[in-house]
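Right, one structure below, let's go through it.
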Amino acid sequence: MKLYIIRGLPGSGKTTKALDIIKLFPDTEHYEADMWFLNSEGEYTFNSRELKQAHTWCKDNVYKAMREGKSVIVSNTFVKRWEYMPYVELALEHNYEVEILVMSGVYKSIHGVPDEKIAQMKKSWEH
């Protein structure tokens with residue numbers, strides 16, 4: 001089994017890359033914190049007060065998929081290395097192979113992240 005960790009700034013192509021992997025490996029599950037903010041009509045309704053809850057939901061779903069023996073993709077910005085390390089630790093506990101992909105495309109953020117915020121994230125980026 002494999003865990004794909006996809007990281008990158010907003011609008012860098014993370015979700016697109018995840019969907020490309022799923023086309024190749026349809027049994028792979030995909031989670032990202034932004035999924036928490038989709039309402040029943042599929043509209044994105046971000047609420048910064050729920051960000052911690054969104055990341056907990058994401059990690060819990062990745063953990064559940066691993067317990068079920070499924071390959072998993074997690075795609076979040078992961079600006080700092082410590083942000084994705086809990087996923088690496090989960091993968092190691094479950095004997096998963098880990099592949100970390102860094103997306104560097106420059107597209108329009110589909111979630112309307114302000115350019116100033118993206119610039120701030122870029123300045124804080126840990127390779």
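Every number in this text was worked out from the coordinates using simple rules, so none of it is lab data. For clarity, every value in this text was computed on a predicted model and none was experimentally measured. Cβ: placed from backbone, ideal geometry, glycine included. Neighbour counts: every protein chain shown.
Quick check on packing: order 17-27, 54-64, 1-11 by the mean number of other C-beta atoms within 10 Å, highest mean leading.
In decreasing order of mean packing, 17-27, 54-64, 1-11 become 1-11, 54-64, 17-27.
For segment 35-127, rounded, prolate or oblate, judged on the Cα gyration tensor with a ≥ b ≥ c (square roots of eigenvalues), a/c < 1.5 rounded, else prolate if a/b > b/c?
oblate
Per DSSP H run of at least 4 residues, take -39500 (n - 2.57); add these up for the chain, divide by its residues and hand me the 222 nm value, nearest 500 deg cm²/dmol.
For the chain, the value works out to -12500 deg cm²/dmol.
Pull up the cross-link candidates among the lysines for LYS108, meaning alpha carbon to alpha carbon under 19 Å and not fewer than 8 places away within one chain.
Within the straight-line cut-off, LYS108 pairs with LYS14, LYS17, LYS117, LYS122, LYS123.
Where both partners of a DSSP beta bridge lie in segment 2-124, what percent of those bridges are antiparallel, to the nearest 5?
In segment 2-124, approximately 5 percent of DSSP beta bridges are antiparallel ones.
Using 0.36 nm per residue, how much length does the chain from VAL106 to TRP82 gain when fully extended, once their Cα-Cα distance is taken away?
Separation in residues times 0.36 nm, less the Cα-Cα distance, equals 6.3 nm.
Once both labels are modelled 7 Å past Cα along the beta-carbon direction, what's the LYS64-SER40 spacing in nm?
Label at LYS64, label at SER40, 1.9 nm between them.
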